[in-house]
Amino acid sequence: MHTHDHAPLHDADRRLLLGALALIAALMAGEIVAGILAGSLALLADAGHLISDVAALSFAVAAATMAARPAQGRWTYGFRRLEILSAQANGLALALVGIWIVYGAIRRLVSPSEVHGGIVLVVALTGIAVNLAATALLARASRESLNVRGAFVHVATDLAAFAGTAIAGGLILATGWNRFDPIAGLLVASLMFWGASGLLRESMQIFLEVAPENIEPDEVGRALLDEPDVVEVHDLHVWTLTSGFPIVSAHVLVGAGVDCHAIRERLEEKLAKSFGLDHSTLQVEHVHGPVQIGPSFRRRSALSLQRRGQSPPTR
């Protein structure tokens, strides 16, 4: 059984998330007013994105707070997966706001409206400064947390969006061509879709209990089988509970008369050192009778044939 205290890490993440939330909320309020006064879709698009950022950061703070609570009662893993739910919500919010921006940008491209480039430029430069500060805060948080990464993607996307908006404001001032504003909005939307796809893909893989990308289950099975006296390994599962929390479980059969407890300790140590799998549940038993043919790793069978470059026998 492995026990690890993640509370200090969650507390540090929560403080940094709260700092970023305060900065973004203040910027959002100012940008909504400026966007209305300037008649700028790019600014209102950024403001809309900031509204989703405030909601996302608030959800991230709540998730980090709940994740720090200890396991109890029926919640045997605590609330750690709330962080993954928060990351998935952030991805969905990015995608939805991106769709709204694309719709508005297309309308502005067809029928452009008057945009005050000076106001756009000043507000965008202010947004760059605020988002640099917020991005710096979140960059110090745990990069292993998908929850924090989701918040970071929101803020980093805003930083790039403000840079594009500033360029659009400068171009409008220089040329008077108002379509630079919706073009900047489309660029903002493309960045949102890119960030959303990564968050949704990673969170869905965790919810579906797919093996982590850096761990190949077949390699784990072969590593277990390479241990002396291990005869067969089956019912092997590798998945991720939450960010930075990979888990492995397996049924291991060993030769008669072998010390099961000593082998289990050696296997757990190997899993931790070779694959970073600190959380393992291994059922180690002596083999009784012939080893059954099935989807497993075993000696003198499909695995040994694969080692010699042959194909396993078919039945």
Note, ³J(HN,Hα) from phi for region 132-139, Karplus 6.51, -1.76, 1.60, rounded to Hz, x at Gly and Pro: 4, 5, 5, 5, 4, 4, 6, 5
Nonlocal amide H pairs with His286, under 5 Å, H built at 1.01 Å: Val254
Cα shape, region 212-254, gyration tensor, a/c 1.5 rule: prolate
Modelled FRET efficiency - R0 25 Å, Thr175 with Ile106, Cβ distances, 0.05 increments: 0.75
Rounded to the nearest 10 Å², the accessible area of Tyr103 at probe 1.4 Å: 140
Tensor-based shape of region 108-261 (alpha-carbon gyration tensor, a/c under 1.5 rounded, otherwise prolate or oblate): prolate
Accessible area of Ser52 in the full protein assembly, 1.4 Å probe (Å², nearest 10): 10
Test item: Cα-centred dipole of region 221-272, Lys/Arg +1 and Asp/Glu -1 on Cβ, debye: 160
Gained length - Ala71 relative to Ala29, 0.36 nm times residue gap less alpha-carbon distance: 11.3 nm
Rg over Rh [alpha-carbon atoms, Kirkwood Rh] for region 17-89: 1.19
Region 76-118, accessible surface, carbon-and-sulfur percent (1.4 angstrom probe): 68
Centroid-to-centroid separation of region 190-251 and region 13-28 [C-alpha atoms, Å]: 33
Per residue solvent-accessible surface (Å²) - region 76-142, probe of 1.4 Å: 48
Average accessible surface area per residue within region 181-243, 1.4 Å rolling probe, Å²: 46
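The values are calculated or read from the model by the stated rules, or taken from the named source; none is laboratory data. Computed from a predicted structure; not experimentally measured. Glycine gets a Cβ as well: all are built from the backbone with ideal geometry, and neighbour counts include every protein chain shown. Protein only, heavy atoms only, side chains kept; ligands, DNA and RNA dropped before computing areas. Shrake-Rupley method; radii C 1.70, N 1.55, O 1.52, S 1.80 Å.
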